[in-house]
Amino acid sequence: MASTMQAPPPPVPPQAPPPRYRRSLSGPIVLISIGIVFLLGTMGMLSWSKLGHWFAHYWPVILIVAGVIKLIEYQTAQRQGTRASGLGVGGVFLIIFVIVCGLIATQTSRLDWGSLRDEIQIDDNDFSWFGQKYTYSDQLSQDFPAGASLKVNDSRGAVNISSSDDNQIHVAVHKRINAENQSDADKWNAGTKPQITVSGNLVTLNANNEGAGDHGVAVDLDVALPRKAPVMVSTRNGDVSVLGREGDVQVSAQHNDVSISDVNGKVNLNLDRSSARISQISSDVTIQGRASDVSVEDVKGAVHLDGEFMESVKLAKVQQPVTFRSSRTELDLARLDGNLDLDSGDLQASDMVGPVRLTTRSKDIRLLGISGDVRLRDENGSVELHMSKLGSMQVENRKGDIEIYVPDKAGFQVDARARNGEFESDFDALKVDDSNDTAVATGTVAGGGPRVVVNNEHGSIEIRRRSSAAEVPEPPAPSAPRGNAAPKSPKAPLAPKLPAVTEN
């Protein structure tokens, strides 16, 4: 019997190995490049400010380089029959990180850092980012035309004005420059020389802060000129001091402390978030704009204040009418022999000569030693009036008590109404009807005289003799503005022998 043999199975063909992944070099190359750049920066071989400028403008190049590397790797993998690696979690994170940082850097580079620094009032001495501080000094002198006025422009730096003993203008210049090196500082110093120009009866002193372009240069100017010359000062960030002038003084200031004293001409201030201290003025004083602390003392002319006063206003010894205007308060009076102190929640004054006109809200009012007519309206605050010479009165309040103290022997007529409140007085001649929700008081005291009309809602009314008032201290005299003290007035700079620039 024949046997049968089975054919062996066909051999299994060998399987091709799976394609190999090639590790991407884009991430390591980008990280190495960034590391080299930062190493050069820490070694001082590259400027941090320039690095920041380059990154803010050219950061998309990092993405382009990484994309080119990935494209080359893909083409190489295709030729070699291997599989190109993907981005991976780390690659995606790196791309997102570069894009976010790049967008932030680009937007940051477009900011006006000079204006922002002025807005938050950062001084050059507060921080020393992006370079070192270099200082320079200079002096200028030339004849000042008779009858001419001076205009000073200084966008960043203090301006101090005083009187000279001759017919010249003398300027002492103190300059601060932030730069990476001495060479850059010298170049920017040369490009920001202060300039004096004469056009007719106008002499212009320009600090030339913008001569270095975007680079911040602070220039302090000490100026001495003939006492009779009127002065105009315009500055954006830096204190202003004016001492001893016969002519008018005009100041336009932002983020500054302004100090003006011993002026026979008119004083006109236009303030933007600045403080002012004014004293010993022989003519009118006008302050307008947005001010912080304001102190005005010893003025022989009128005082006009118009704007927004964010902290406090202090007045003392004003011989002519006072006018005050803000979004909350309107005040007029004929003369101020004493003091006045006004802030966000209180108004106190002493020795006011009427007629007095006051309209406000949400303030506690306390006026001592008033002479003459009074027209007053308030709400959400108490009112206390001490009359030294009684005139006609009309007082209105809401949600606050009213106290009026009149001279002991004064004669007057009363018409008072307190709705949802009480009426009290020291005078038996007044008839009071409080049978309803409104207390009504009428009558004539000591034969009559000025008419006193008082209306209150949700508060009481009291009319008392001055002798019954407790001894109370008068409001304090004006003091220097809170925060940074007003700048001291400088001594007149000496005329230079040889103008020169020196480094410190």
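At-a-glance table
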quantity	calculated
Wholly enclosed strands (runs of 3 or more DSSP E) of region 136-247 bearing at least 1 residues without any contact (Cβ under 8 Å) to a residue 40 or more places away in the chain and in contact with a Leu (Cβ under 8 Å, 6 or more places away or on another chain)	195-199
Residue within region 163-171 that is modelled with pLDDT of 95 or more, aliphatic (A, V, I, L, M) and crowded, with 16+ Cβ neighbours inside 10 Å present	yes
Only one of 361, 290, 328 that is basic (Lys, Arg) and touching a strand residue (DSSP E or B) at 6+ places or on another chain (Cβ under 7 Å)	290
Residues (surrounded by fewer than 24 Cβ atoms within 10 Å (Cβ to Cβ) and within 19 Å of residue 230 (Cβ to Cβ)) located in region 250-262	250, 252, 261, 262
Those strands (runs of 3 or more DSSP E) lying entirely in region 378-454 with at least 1 residues of a type in the set (A, V, I, L, M) and under 23 Å from residue 330 (Cβ atoms)	383-398, 402-406
Residue among 351, 293, 341, 332 that alone is of a type outside the set (Gly, Ala, Ser), buried (at least 16 other Cβ atoms within 10 Å of the Cβ), assigned to a strand (DSSP E or B) and modelled with pLDDT under 95	293
Residue in region 115-127 that is at pLDDT 55 or above and over 30 Å from residue 225 (Cα atoms) present	no
Flag for residue 133 being of a type in the set (Lys, Arg), modelled with pLDDT of 65 or more, surrounded by 12 or more Cβ atoms within 10 Å (Cβ to Cβ) and part of a helix (DSSP H, G or I)	no
Cross-chain or 6+ apart pairs with Cβ under 7 Å, region 26-46 first and under 17 Å from residue 180 (Cα atoms), then at pLDDT below 70 and not in a helix (DSSP H, G or I)	40/46
Of all residues in region 318-329 being out of contact with any Lys or Arg (no Cβ under 8 Å at 6 or more places or on another chain) and of a type in the set (S, T, N, Q), the one that is surrounded by the fewest Cβ atoms within 10 Å (Cβ to Cβ)	327
Search result, residues across region 263-295 that are without any contact (Cβ under 8 Å) to a residue 24 or more places away in the chain, closer than 16 Å to residue 231 by Cβ and among the aliphatic types (A, V, I, L, M)	263, 267, 269, 278, 281, 285
Filter result (buried (at least 18 other Cβ atoms within 10 Å of the Cβ) and outside any loop (DSSP other than H, G, I, E, B)) within region 296-305	296, 297, 299, 303, 305
The listed residue being in the same structural domain as residue 228 (by TED's automatic domain parsing) and closer than 30 Å to residue 261 by Cα, out of 177, 169	169
Single condition residue 274 does not satisfy, out of (1) surrounded by fewer than 24 Cβ atoms within 10 Å (Cβ to Cβ); (2) over 21 Å from residue 349 (Cα atoms)	(1)
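The values are calculated or read from the model by the stated rules, or taken from the named source; none is laboratory data. Here the structure is a predicted model, which means the values were calculated and not measured. Reconstructed Cβ throughout: ideal geometry from the backbone, glycine too, with neighbour counts over all protein chains shown.
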